[in-house]
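Here the structure comes first, spelled out in structure tokens, and everything after it is commentary.
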Amino acid sequence: MSTTVDALDVGASASPSAPDRADDHGRPWLPPGQLALLTGALGLGVFMNVLDSSIANVAIPTISGNLAVSADDGTFIITFFAVANAVSVPISGWLAKRFGEVRLFVVCTILFTLFSLMCGLSPTFDILLLFRALQGAAAGPMIPISLSLLLANYRKERQGFANGIWGMTAIVGPVAGPVLGGIITEDFRWNWIFFINVPFGIVVAALTWTLLRKRETKIVHEGVDLVGLTLLVIGLFCLQLFLDRGNDDGWFQSEFIIIMAVVAAFTLLLFVAWEATDKHPLVELRLYRNSSFTVASITMVLGYMAYFGGVVLFPLWLQTALPYRYNPEWAGYATASLGICGVFTSPIAGRLSDKYDVRLLVSFGLLTFAAVSFAISFGNIEMNFGRMFWLRVPWGIGMPFFFVPLTVLSFDGVAREDLASAASLFNFTRLEGLSIGTSISVALWDKREAFHDHHITSLVDPTNPGWHAFLHHAGTIGLDAEQSLGLLAAQIKDQAFMLSLNEIYWVSGWLFVALTALAWFSHPKKPGAR
């Protein structure tokens, strides 16, 4: 415990006469022990939140079967959470000013915990969707407000380290989700993927309120921007449905998808125009006047698109497109390699962000992503578990050096009173990168698989000696001609999916290289001047 406290001590060893003995509001800094507890509580809140965005993925078939709905309908468990979450994240800054950051975080944590309990107790699928949507809405403000509260209680020269601790939980959560979800679903009941939030939520809310109830942020009584809120809700709801259902419905071949795309585009453009001219905007778009914030946001949304696209496709490929299919639990174990190193490197990335130009650190993270993507793009269906696992381990090194310094860059030059708004808007770009990356990667994977399947099939020549050798081998294992053709078609499909996956990783690698150059268009302050 003493080691943890020493690591989190942001100035206990400083001279009592140091000019930064108090925060911006004249309040003394939290003692090291209390700061350690606060960091742990806020980090646990983030982990619980991001874990819940992915833990239900592998449980969808089980939940659908138990509640008597189709697997396609079961995906609404993810959609309803994502839509409600996407709507509530951008307005977190306004809510924080209206009710106070401490109060908002604690209330959202309590509601998230309550709705998690109700999800686990839901007797029907419709009731589960209702509480899943409410859970997503409550979860929205938790991540950006937790970061704002954490940074407010760290001295400026230690905020990079605070970002590292916070980023560690945000990075590991999405990777741990499939693992825990697979284990719980296989060995217990699906309800426990929601029940596990209850004890953690109680601890997070109690600790945060106890430590920060007397350090509430300034409350500004502004009117509700009903026009902006309405446009935002409609636009994000339609955008999320467009992204989540587009691939299944054939994208623009579906009238429903076309309507969702048109409504989303129109309402979101109108929302931007309204917010840019409104006296009390719901979302502070003026933050994009800051070059560091703008570059960080663009890099985050595009980088996270490429990163999370690979994270989604990898376990999907393991379970559906390998000759020897993985079950959800082992697919989760294989996916876990993406985040193992993040546990150890996130605090390091945070410490380095306090001392060095964050553009260098972001470049290192992006180039690590690029190198791993290029290496993975030469994969084949004969790879064993060990090779797939270890080949992806460096992802966990690159992620903190991408995520943590980029978060630091996004806050460069942002005033304290705008931290919550900046955090919510920046986190919104991350969520949209996740949604867009998932939809685009799955759609490209399917389309390129169809292309490669057609191309390989066209090369099958009955006059080729290899064809006769294949038929002979199939006959030796008891297959007739029709069954042999079925086996060949299955093998071609597996190879087509493999080629398609390799192409996506290859393109992602070049995107990471391009984003490395983009990061240098920002103009952050020197580490000591932040």
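The values are calculated or read from the model by the stated rules, or taken from the named source; none is laboratory data. Note that the structure is a prediction, hence the values are computed from the model and not measured. Cβ atoms come from the backbone with ideal geometry, glycine included; neighbour counts cover every protein chain shown. Heads up: the accessible areas ignore ligands, DNA and RNA and are worked out on the full protein's heavy atoms, side chains in. Shrake-Rupley method; radii C 1.70, N 1.55, O 1.52, S 1.80 Å.
Observations, loosely collected:
- In this structure, His472 and Glu382 have a Cβ-Cβ separation that, at R0 = 30 Å, corresponds to a calculated FRET efficiency of about 0.85.
- Charged neighbours of Leu431, selected by a Cβ distance under 14 Å, balance to -2 (K, R count +1; D, E count -1).
- With only the Cα atoms considered, the stretch 372-530 has a convex hull volume of 151 Å³ per residue.
- In the context of the full set of protein chains, the chain has a per residue accessible area of 43 Å² (1.4 Å probe).
- Lys, Arg +1 and Asp, Glu -1 on Cβ, resulting dipole of the chain about Cα centre, debye, nearest 20: 2000 debye
- Rolled with a 1.4 Å probe across the full set of protein chains, the surface gives Ser291 an accessible area near 50 Å².
- Annotation for the stretch 475-498 versus the stretch 259-273: alpha-carbon center distance of 47 Å.
- Lys pairs, the chain - Cα-Cα below 19 angstrom, 8 or more residues apart or on other chains: 9
- Over the stretch 440-506, volume per residue of the alpha carbon convex hull, in Å³: 92 Å³
- Contour excess over end-to-end distance, with Cα ends at Tyr356 and Glu186 and 0.36 nm allotted per residue: 56.6 nm
- Exposure of Ile234 as accessible area (Å², to 10), given a probe of 1.4 Å and all protein chains: 70 Å²
- Stokes-Einstein D in µm²/s, Kirkwood radius over Cα pairs - the stretch 288-386 at 10 °C with 1.306 mPa s viscosity: 100 µm²/s
- Accessible area in the full protein assembly, largest first, 1.4 Å probe, for Val343, Val83: Val343, Val83
- Size estimate for the stretch 94-147 follows the Kirkwood approach: the inverse of mean 1/r over distinct Cα pairs works out to 11.5 Å.
- Within the stretch 187-206: backbone nitrogen closer than 14 Å to the Ala68 label point (7 Å, Cα to C-beta): none
- For the chain, leaving out every one of the chymotrypsin sites (Phe, Trp or Tyr not before Pro) that falls in a DSSP loop and has at most 12 other Cβ atoms within 10 Å, the longest unbroken run is 1-187.
- At R0 = 51 Å, FRET efficiency that the Cβ-Cβ distance of Lys218 and Gln319 yields, to 0.05: 0.55
- Here Rg/Rh (Cα atoms, Kirkwood Rh) was calculated from the structure, and among (1) 0.96; (2) 1.00; (3) 1.03 it sits at label (2).
- Prolate/oblate/rounded call for the stretch 248-320, Cα gyration tensor, a/c under 1.5 rounded: oblate
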